[in-house]
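Notes follow once the structure below has been shown.
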Amino acid sequence: MTVSFTNVHKTLRKKTSRTKVLEGADAEFAGDRLTGILAPPGSGKTTIANLTTGKLRADTGRVRRSSLVSFPVASGGVFNGALTGRENLAFLCRVFGFDPVPIIRFVVDFTEIGKAIDKPFKDLNRDERTKLLFTSCYAIPFETYIVDESLIGGRGSFRARCEELVLERMQSAGFLILTSSPSLIRKYCNDVFVINRCKILEMHSVDEAESLLGANRLREGNGELELVGDTEESQFL
């Protein structure tokens, strides 16, 4: 099971600007490994996550997936704000080919949000929304989970249980963690890549990756998000 990039070119286009993210990039990520991609802020991590999931297409070249790849963990973009949490989960399960009943039951039990599961998603408070976003992805048995900076979320006892759930999933599935934090990759990952000069390069160690990119360009973090913030909230309105 792998995700592979072959001669991938990708430029992000806006009305008045173009930003080249990848130019002839080649890489292969083992679907059953814990892989980290280290890169400075603004260097294309989210673009690579979206190319990996299929949300974006390469301008030229090819991205191939031979494992069932998740949507990015805690990504609000996959939820419809007008639908309830239950309806959103049922839709996602059908898209990925899973029976929604046990997955919805797991999410309700794990999040402990009770009747809020049947509220329109945009009407949930930030705590309920955060619990639902993180749990929903891990509740579906993907073969490879995609993480764009935020691996664990929530507060208090939920955050502790969320970390336990992540560690459990890491025993049976692969992870591709895109981050600006060397310590996050040190904690979890077996394989290390970097984004540098529009290429994806495999490194022998986190120290080598950090040396190549420059420690002053990176940003330490633990991969935890307490609550979904205003930027994410705007996607549900």
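Computed from the coordinates by the stated procedures, all read-outs in this text should not be read as laboratory data. What you see is a predicted model; the values in this text were computed from it and never measured. FYI the Cβ positions are ideal-geometry reconstructions off the backbone, even for glycines, and counts take in every protein chain you see.
Beyond 29 Å between alpha-carbons counts as too far, so tell me which of Lys14/Lys199; Lys20/Lys119; Lys20/Lys55 fall in that bin. Among Lys14/Lys199; Lys20/Lys119; Lys20/Lys55, the Cα-Cα distance tops 29 Å for Lys20/Lys119. The length gained on full extension between Ser4 and Glu220, counted as 0.36 nm times the residue separation minus their Cα-Cα distance, comes to 75.0 nm.
With springs connecting C-alpha atoms under 10 Å apart, model the chain as a Gaussian network and identify which of Glu210, Glu168, Glu128 has the largest mean-square fluctuation. With Cα springs under 10 Å in the chain, the top fluctuation among Glu210, Glu168, Glu128 is at Glu168. Any chance you could list the semi-axes, whole Å, largest first, of the equivalent ellipsoid that the Cα gyration tensor gives for the range 1-141, using √(5λ)? Computed over the range 1-141, the values are 32, 18, 13 Å. The mean sequence distance of close C-alpha pairs (under 8 Å, at least 6 residues apart), as a share of the length of the range 134-237, puts its relative contact order at 31 percent. Axis angle, to the nearest 10 degrees, between helix 156-170 and the longest C-alpha principal axis of the chain: 60 degrees.
Simple spin-label estimate for Lys55 and Asp109 gives 3.0 nm between the two label positions (7 Å along the Cα-to-Cβ direction from each Cα).
What fraction of the DSSP beta bridges in the chain is antiparallel, stated in percent and rounded to the nearest 5? The answer is about 55 percent antiparallel. When each of the peptides 135-141, 169-175, 109-115 is scored by the mean number of other C-beta atoms lying within 10 Å of its residues, the order from highest to lowest reads 135-141, 169-175, 109-115. With contributions of -39500 (n - 2.57) from each DSSP H run of at least four residues, the per-residue ellipticity at 222 nm computed over the chain stands at -10000 deg cm²/dmol.
Note that the chain shows a convex hull volume over its alpha carbon atoms of 126 Å³ per residue. Along its first, second and third principal axes, ordered by size, the range 156-218 spans 39, 25, 19 Å in Cα coordinates.
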